[in-house]
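Since the structure comes first, as structure tokens, the remarks are kept for the end.
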Amino acid sequence: MKKRIIKLFFTALTLLVIQSCVDLDLPSDGRLTLKDMFSSYQRTRNYYNSCKAYFPQVGFMYQGQQTPLASFSDEAHDASDGVNGAVNDWYNNRTSSSNNPVAGSYSWAHYFQGIRKCNTFLASINDPGLATAVIDEDEKNGWIGEVLVLRAFYYLQLIKRYGGVPIIDTPYEVTHDFSQDKRASFEECVDFILADCDAALAIPESGKSDIGFRWDINDNERGVITRAFAHAVRSQAALYAASPLWKTAESKYDWAKATEITKEALDQCLAHGFELFTTKPAADIAQNAYAYYFILRSDPSRSVDKETIFETTSARSNVWRLAGTPITEGAEKAGAGPSQELVDAYGMQATGEMPVLGYSDPQHLQPIINTTSGYDPANPYEGRDPRFYASIYYNNAPRSLSTGNVEKELYPLELNEGVKNNVTIARQGAEITLSTTGSDPWIHTNPIGRKLAGAEKRVISFEYKSNKSVTNVEFFFCVAGGPQGGVSTGENIRIEEASEWKRFEYDLSDAIARWGFGVNANGGAQPENHFLRFDLTGGAGYEISIRNFRIEGFTPPPTPIPVETFVGGNSGISDNITETRYTRTGYYLRKFNNYKSNVNVDGDGFMKVFRLAELYLNFAEAAANTSGPETAVAGKASGAAALSAREAVNKVRARAEMPPLPSGLSAEEFQLRYRNERRIELAFEEHRFFDVRRWKILNETDQFVTGMRIIKENGNYSYNRFKLHERGTNSEKYLIFPISLSEVSKMESFTGESWQNPGWN
């Protein structure tokens, strides 16, 4: 490929200095040269790691790292709209080449700095005159593969935002003639991206578990760029190139080419152990597998999480803090409130149908209800797609998922060797073995020692091994100094034979209901002095080993506080536009948010950069546009199965516990359903912002969004849609970003040509 070298943000002299000096592991005088850098294993490794320093941390990176990209799309309306900052500037159409609120920390200059770093590493590591350090060949090749893919990824971020950009594949030369520089086309950039990924994938795998350009990585490794990552970059780049925004009549990247590339990416990942995450959590952890996936930190070795290709590596999402509900302890702002349009996109679980087919008015206040879907406008949050409950806090959604038994008090019991009958006792550490030697064997415990606290449920419990099953175990509750017998639980308790440690638990609820608790049969009134008599069985020859003998008192948690989004509720819409702690739409973000997260607990998930579900959806879009939703595409990897676009979408829906899309959909119907599926599956993961642009539907989606104002009267709710203010960010020029004015000015002075994107000054 013809090299196009361009100086965009530094002078030639500055670049020469930067090229010669690196800010890692350098002496304070800065005189270390590239030859010095690459003559040391550790310094070479440090330089390789520095290439990753420009990786974007997907998530809350806007408004001073307080807001997600979703706030600048039709996914959400941010509660910061009434205060100065990026959100307010965007919503009031104050975007320009000198003020781009969504460039954030990851601007044109940022990614080109990362590309320069990658170029220097790749040129130096392959220069025998510079790279003299002794480095394992497989490890070196692994670094090269990762840096090649990193460079491709940085270019992908640039072209998604700016369109075609200059292709720079070598370090700058001080003698370079900048007047000859020009921007490459979008297609040429995609060529370059794919070539970098292909070059990385052509590197043989080392066969070693910890070095090389690999498929598999280990549990303790984070931020490793893998072969799956390279395929994900190829898939997304091809999809974008074939999309309406960038496809030209002459471009080689049509939907057929995108189908080929996206199918290969999907098949290669499937062939190497990737799967959609389907682990169902306990009811008090998350609502469903989809919800659990987004609060569970990915498992790089894929022993648990086989879906994540790459997730952010810095901080957790902090949804609880930056997009939290007012009733969440420590929450600072409501942040990105999901839009009513997004809520309308979640289908009905029973029928699989979309509840809202569109709007009969330009203000989106009159939804077209799909009467066959099962949707009830008077009860709008019932029966929806499980991903809805995992992603959005709605009116009366429970903040807590706890199902009980979260408060537990333990009352350890010690066996009293001095008070027993026909029982021998042997101790080994914390284990006690009881052997019966005659009829009516029993043994006392020492007094409990403190008063039993009130609780809804109390159980006797221990772990045990036993040589046989018995059916006539009995417990007596006694008071010290009182009668030997006390109050009995009854002679019908069964303990099963067990050769391995097993938990025994006896619920005292029935006994408590019969004779109370803390008072014995003769009126003993010292519950802190209660002890147990443990009757083992009716005869000799029984042996049982016991550990952790105790009474447990369980108190279920208080009734979960619901998220009340109705007017006047604990999380209702505020009329004060400068009040950022309350939703502007009637909804709060739940995705990535562990309900346990608060000022003392950070259990939120990490944002996903690439995951398998995206590859399924990338392929579905390309294949549907190539040959329709039903045509199966042959596998592109060894053993890979043929797959149609509809089948790919249904794979994603099945994980969400949604009915499959029906066969027989027209191309137009499938496109509607596919785009809707992508919208809800990838919500808040920085896809929607770019999807509506590459589809060229920005004018349909981003002029404004609506919310839901709920009024509660006499225990009944009325639901009232309302429109939030016009944003003015849906014109054609907003399809791509403006290039920074300072960069444009430099290049125009070098080349005499305009470098700015259409519509921007």
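Bear in mind that the values in this text are calculations on the coordinates, not laboratory data. Treat the numbers as computed from the prediction; the structure is a model and nothing was measured. Ideal geometry is used to build each Cβ from the backbone, glycine not excepted, and the neighbour counts take in all protein chains shown.
Quick notes
- In this structure, the residue pairs whose Cα-Cα separation is over 18 Å, taken from K208/K263; K252/K651; K52/K140; K263/K608, are K208/K263; K252/K651; K263/K608.
- For G347, residues with placed amide H under 5 Å, excluding near neighbours: D385
- Principal axis extents of the Cα atoms in segment 12-273, from largest to smallest and rounded to whole angstrom, are 56, 49, 44.
- Per-residue ³J(HN,Hα) for segment 600-606, Karplus 6.51 cos²θ - 1.76 cosθ + 1.60, θ = phi - 60°, Hz, x for Gly and Pro: 9, 9, 10, x, 5, x, 9
- Only helical runs count toward this figure. For the chain, summing -39,500 (n - 2.57) over DSSP H runs of n ≥ 4 and dividing by all residues gives -8500 deg cm²/dmol at 222 nm.
- Using θ = phi - 60° and Karplus 6.51 cos²θ - 1.76 cosθ + 1.60, couplings along segment 706-717 (whole Hz; Gly, Pro as x): 10, x, 10, 9, 10, 10, 10, 9, 6, x, 10, 10
- Gyration tensor over alpha-carbon atoms, segment 190-239, equivalent ellipsoid semi-axes in Å: 22, 13, 7
- Here segment 12-273 is assigned +1 on the Cβ of each Lys and Arg and -1 on the Cβ of each Asp and Glu. Its dipole about the Cα centre then comes out at about 360 debye.
- Taking amide H as placed 1.01 Å from N in the peptide plane, N416 has its amide H under 5 Å from the amide H of H444, T445, N446, each at least 5 places away in sequence or on another chain.
- Working note: Karplus 6.51/-1.76/1.60 with θ = phi - 60° gives segment 378-389 the couplings 7, 9, x, 9, 8, x, 8, 3, x, 5, 4, 5 Hz, where Gly and Pro are set to x.
- Neighbour counts of other Cβ atoms within 10 Å put E260, E700 in the fewest-to-most order E700, E260.
- Diffusion coefficient, µm² s⁻¹, Stokes-Einstein with Kirkwood Rh over alpha-carbon pairs of the chain at 20 °C and 1.002 mPa s: 71 µm²/s
- Highest average packing first - 62-70, 234-242, 335-343, 99-107, Cβ atoms within 10 Å: 335-343, 234-242, 62-70, 99-107
- Relative frequency of Cα-Cα separations exceeding 17 Å in segment 525-632, percent: 80 percent
- The mean sequence separation of alpha-carbon pairs under 8 Å and at least six residues apart, normalised by the residue count of the chain, gives a relative contact order of 18 percent.
- Cα-centre dipole for the chain with unit charges at Cβ (Lys and Arg positive, Asp and Glu negative), debye to 20: 640 debye
- Anisotropy class of segment 101-183 from Cα gyration tensor, a/c 1.5 cut: oblate
- Rg/Rh for segment 660-761 (Cα atoms only, Rh after Kirkwood) is 1.16.
- With one equal scatterer per alpha carbon and no solvent term, the Debye-computed log10 I(q)/I(0) for segment 246-291 at 0.21, 0.24, 0.29, 0.33 1/Å reads -0.76, -0.83, -0.96, -1.07.
- D by Stokes-Einstein for segment 154-235, Kirkwood Rh over Cα pairs, 37 °C, 0.692 mPa s: 220 µm²/s.
- Screening the chain for DSSP H helices whose Cα atoms reach 27 Å or more along their own axis and whose mean Kyte hydropathy is at least -1.0 gives 137-162.
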